[in-house]
1. Return the residues of the range 21-40 that are outside any loop (DSSP other than H, G, I, E, B) and either farther than 23 Å from Gln79 by Cβ or under 10 Å from the mean Cα position of the chain (by Cα) (or both); say none if nothing qualifies.
2. What pairs come up if the first residue lies in the range 65-91 and is in a strand (DSSP E or B) and modelled with pLDDT of 95 or more, the second is open to solvent by 70 Å² or more (accessible area, probe 1.4 Å) and among the aliphatic types (A, V, I, L, M), and their beta carbons are under 9 Å apart, counting only those six or more places apart or on different chains?
3. Please enumerate the residues belonging to the range 51-64 that are buried (at least 18 other Cβ atoms within 10 Å of the Cβ) and either without any contact (Cβ under 8 Å) to a residue 12 or more places away in the chain or not in a helix (DSSP H, G or I) (or both).
4. On the basis of being of a type outside the set (Phe, Trp, Tyr), open to solvent by 40 Å² or more (accessible area, probe 1.4 Å) and under 27 Å from Ile89 (Cβ atoms), does Ile21 make the cut?
Amino acid sequence: MAIAIYFNPASMNAAQYDEIIRRLDAAGMGKPAGRLHHACFGSADKLQVFDIWESQQDFDKFGATLMPIIQQVGVDTGQPVVEPVHSVIPG
């Protein structure tokens, strides 16, 4: 079952987000299996992230690489909201 994950960190700026993406790319996880959509949005000093994943298991595998990187960069993700996806309408 597909899941939606919403991260609303207390603070994550554009430089931190870009560094996380750079490190994920370097670790070979820039385009992880199972991630269907990724969006980063908000003001440059208060970014948020919304992903859709094919399954919780796919996200958990990615999270094993993601979470240490997030901690190293100094971002506190808080508690993400995880919900089952009912529908995705492209376009």
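The values are calculated or read from the model by the stated rules, or taken from the named source; none is laboratory data. Quick caveat, the model's predicted, so the values are computed rather than measured. Every residue, glycine among them, receives a Cβ derived from its backbone with ideal geometry; neighbour counts consider all protein chains shown. We work out accessible area using only protein heavy atoms, side chains counted, and drop any ligands, DNA or RNA first. Shrake-Rupley method; radii C 1.70, N 1.55, O 1.52, S 1.80 Å.
1. Once the filter is applied, which keeps residues that are outside any loop (DSSP other than H, G, I, E, B) and either farther than 23 Å from Gln79 by Cβ or under 10 Å from the mean Cα position of the chain (by Cα) (or both), the range 21-40 yields Ile21, Arg22, Asp25, Ala26, Arg35, His37, His38, Ala39, Cys40.
2. Pro84/Met1
3. Asp51, Trp53
4. yes
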